[in-house]
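The values are calculated or read from the model by the stated rules, or taken from the named source; none is laboratory data. Please read all numbers here as calculations on a predicted model, not as lab measurements. When we count neighbours, we look across all protein chains shown, and the Cβ atoms used for this are built from the backbone with ideal geometry, even at glycine.
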Amino acid sequence: MKDKQETIILIDEEGNEVEFEVIATFDIEDREYAVLLPINEEEEEAYILRIESDEDGNMILVNIEDKAEFDDAAAVYEAIIDEII
């Protein structure tokens with residue numbers, strides 16, 4: 001997990017820019033995940049996305065479609081939070 005706070009800007013479904021704080025990154029087997037928290041949003045719901053590389057080697061964030069994969073990533077993130085608290 002990274003200690004340094006990072007922010008990124010993503011485009012939502014309506015074309016609006018939304019700024020997120022990257023609150024954690026972690027690996028499960030050969031996959032990497034990021035946990036994002038929207039900045040300046042009323043909801044404090046975190047998002048877990050898979051980190052991949054495109055054909056040019058650029059980092060991209062991908063929604064996790066598979067429920068089992070998402071559940072595994074959420075469980076690892078919860079374990080990280082439990083260690084911190």
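Please go through the range 65-79 and give me each residue that is assigned to a helix (DSSP H, G or I) and loosely packed, with under 15 Cβ neighbours inside 10 Å, ordered by number.
Across the range 65-79, the qualifying residues are K67, A68, D71, A75, E78, A79.
Of the residues that sit in the range 49-64 and are surrounded by 14 or more Cβ atoms within 10 Å (Cβ to Cβ) and hydrophobic (A, V, I, L, M, F, W, C), which one is nearest to the chain's Cα centre (by Cα)?
Out of the qualifying residues, it is L49.
Across the range 33-75, what is the total count of residues that are among the basic types (K, R) and farther than 15 Å from I23 by Cα?
Going through the range 33-75 one residue at a time, the tally reaches 1.
Out of curiosity, is L10 surrounded by 14 or more Cβ atoms within 10 Å (Cβ to Cβ), in contact (Cβ under 8 Å) with a residue 12 or more places away in the chain, among the hydrophobic types (A, V, I, L, M, F, W, C) and in contact with a Leu (Cβ under 8 Å, 6 or more places away or on another chain)?
Yes: the conditions hold for L10.
Take the range 13-56 and flag every residue that is more than 26 Å from K67 (Cβ to Cβ), of a type in the set (S, T, N, Q) and in contact (Cβ under 8 Å) with a residue 12 or more places away in the chain.
Correct list: N40 only.
Name the pairs: first residue in the range 64-85 and farther than 16 Å from L49 by Cβ, second residue surrounded by 15 or more Cβ atoms within 10 Å (Cβ to Cβ) and at pLDDT below 95, Cβ to Cβ under 9 Å, at least 6 apart or on different chains?
I81/A24
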